[in-house]
Each structure stands twice: as C-alpha cells, then as structure tokens.
1. How much mean residue ellipticity at 222 nm does the chain get from its helices, if each DSSP H run of length 4 or more adds -39500 (n - 2.57) and you divide by all residues, to the nearest 500 deg cm²/dmol?
2. Can you work out ³J(HN,Hα) from phi for every residue in the range 11-19, in order, using Karplus 6.51 cos²θ - 1.76 cosθ + 1.60 and θ = phi - 60°, giving whole Hz and x for Gly and Pro?
3. Below 8 Å, C-alpha to C-alpha, sequence gap of six or more: please give me the relative contact order for the chain in percent.
4. Any idea what the dipole of the chain comes to, in debye rounded to 20, about its Cα centre with Lys/Arg Cβ at +1 and Asp/Glu Cβ at -1?
5. Step through the residues of the range 316-326 one at a time and calculate ³J(HN,Hα) from phi using the Karplus curve (6.51 cos²θ - 1.76 cosθ + 1.60, θ = phi - 60°), rounding each to whole Hz and writing x for Gly and Pro.
6. Using a 10 angstrom Cβ neighbour count of at most 14 plus a DSSP loop assignment to flag exposed GluC sites (Glu not before Pro), which longest range of the chain is free of such sites?
7. Over what distance in Å are the Cα centres of the range 15-31 and the range 133-189 separated?
8. Roughly how far apart, in whole Å, are the Cα centres of the range 79-106 and the range 219-237?
Amino acid sequence: MRLALERRPEQSRTMTVVSPLIAIAITVLVGAIVFSARGLDPLHALYVYFVEPVMTLWSLEELAVKTAPLVLIGVGLAVCFRANLWNIGAEGQFTAGALAGAAIPIMFPEWQSPAALPLMLVAGVLGGIAWAAVPAFLRNRFGVNEILTSLMLVYVAQYLLDWLVRGPWRDPDGYNFPESANFEGWHALPTFGDGRVHLGAVFAVVAVVVLFVFMSRTLKGFEIRVSGEAPRAGGFGGFSRPRTVWFCFALSGGLAGLAGLCEVTGPVGQLQPIISPGYGFTAIIVAFLGRLNPIVVLLAGIVLGISYLGGEAAQIELGVSDKIAQAFQGLLLFLILACDTLIRYRIRIGRRETAVATDA
C-alpha cells in the first residue's frame, strides 16, 4: 500500500477561508491535551493563555505593542510570498534595521533635533533593505536559493548585534552590562498617552491599508501576483522577474527594518543582545494565517500577539516553560500548511507496484 497526493481539479473556496480557523481550533485542542498532560486544568489554562491577555486595558495596550512588529513584517512577507519568493530572513532584516537606525543616537548622542527621529526611521528602513538585497542579488545573479541565504544572514545580524553591544557600542555608564545607552528625547519613538503603545502601531495599520490597495488596485500588484502564480505568463506579458525579486525583497526587508527600529526606540528603549522574541520568524506564520492578504494579516497578527502575551501569562500563573508559545506557534504553522496541502491535493491510497523478475 502506498499513499500519494493527487492534485484536485478545483480548489474549494470555502475551505480556503475556513482552513485557518480549523488550524486554530486544532491548536487549541492540542493545547488542552498538553496542559492536561502536565496536570493542569485545561479550561483554566486555555483561559489564561487565550482569553486573559485581552481582558484589561493594560493587556490590550501590550497586545498592540506585540502585534505592531508582527503586522509590519507580516504584510511585507505576504507580498514576497505572493510572488513565490521565500524571504525567511526577516529576523535578520529586523536586526539590521535596528542597528542602522540606532547608529545615529549612539554615535551622535548630543544631537537632539526634530530631524533625528525621521532620519533614524529612514536609516532603519534602508538597513533592512540592504540586508534583504543580499539574497535578492544572489538569487538574480547566480540563482542561489533565497531560503538558505536569507536564513543564514539572520545569524550574521544577530552576532553583529551581540558584538556591538558588548564592544564598541556598549554604554560606558552601564556598569559593564552588554547594552547601549538608553534612547531618549528625539531618539525615542512617541507613545500615546501614558501607555506603551507607540507610533509603530500606526505604521503597521498604514502599511496594511497601503499594501492592500497596492496589491488589489495597481499594475505592479498585478505583476507580483502573476509572477508568483504563472511566471511564464508574466514573462510573455513583459513582466521582469528579476525586477520583481528586487522589489519584493526591498519591500519586505524595508518593513522588517522599520519594525526593528521601532522596537529598539520604543518598548526596548536601547540595543541589547536580544531585541526580538522571534518576531521575524513568527511573522511567517502571520503571513500564511492571513492568507497573504494584508487586511487578514492584521487579524492574524493580533492572534499571534495573543500567543506571546498568553505565553508570558502562562509562565507566571501556570509555571510552564517560556517555550510553550513557540510550540503553539510552530504547531499552528504546521497545521496551516497541512490544511493548505489538503485543499490543493487529495490523498490517494493505492497498492504498491512490484516488479516481477523473469528469466531471460
């Protein structure tokens, strides 16, 4: 007996919409089983993990803080994935953008000017673009797989960050801790009221709206969709695949870099050896859960933001590992991909063919 995947003649539109909800439901069910296996009340544990993070004003503000970088990175990756380009290195572009923008207040700490923050934001975007340009160049020039190059550059960026905060960019008044000086005044991102919600949340919403209009109403958006779904048809239509590669990597890298700069000038407030809990990787889940649609990506970002807050609450109230959030996120991605596979293909069970040897 053998199992084979057979392409369906037609995909179900209903299942395309419903499958993310099925994936979330199965993830919740598996979570209940995991909590039960640890001797915890599954209903209480699920309440702590999924409901409690949205029950108070403070938690809603924290949810906005967690969601903003996920959405900023996720909408850029959604465009990239729609073009059938696999930028897996958004975490590195996030770090590169943070480093590029943070160089201004670290190297010129006395420069407190209204022009400082806009220049930092531009530098953050350019830093992310520069980091994403490497896999784009290697893909176009030598045909190198962008999955490998973008992923490997994540670790280069992280080691560069670690070296800088332990060496030349370490705060001389920081009691030898591996961190930069705090970003203050015009070097810090404005917040709304007395809370922690910062300007990055506005950037995320603006990016969602702009990219939704861009992908659905512009010729370039049509070119990206055609390039991903039917590259040969795009070639016949005069669309340049190399230009699409450059554009999509620059867009996704720039938004990831902007998210990184917003993170270090907002919630973190300085450079540290670790500035991200894995936003760049989690944003891949956000993009797929959002069906590569910018508007739905915003909703998916909220769901994954809840998973971060729920993981922190579960550590405190339930005493579980801090890896529980990553486990749920990984399971969610697996189930989304599994559902998408079953939407496109059906499982066919057949007998294994055996060769019969005959004497000559």
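Where a number appears in this text, it was derived from the coordinates with a stated rule and is not lab data. The structure presented is a predicted model; accordingly, all values stated were derived computationally and were not measured. Every residue, glycine among them, receives a Cβ derived from its backbone with ideal geometry; neighbour counts consider all protein chains shown.
1. -22500 deg cm²/dmol
2. 8, 7, 5, 4, 5, 4, 7, 7, 4
3. 35 percent
4. In total the dipole reaches around 1900 debye.
5. After applying 6.51 cos²θ - 1.76 cosθ + 1.60, I find 6, 8, 10, x, 8, 5, 6, 7, 4, 5, 5 Hz.
6. Longest site-free region, per DSSP loop and neighbour criteria: 185-352.
7. 35 Å
8. Cα centres, the range 79-106 to the range 219-237: 25 Å.
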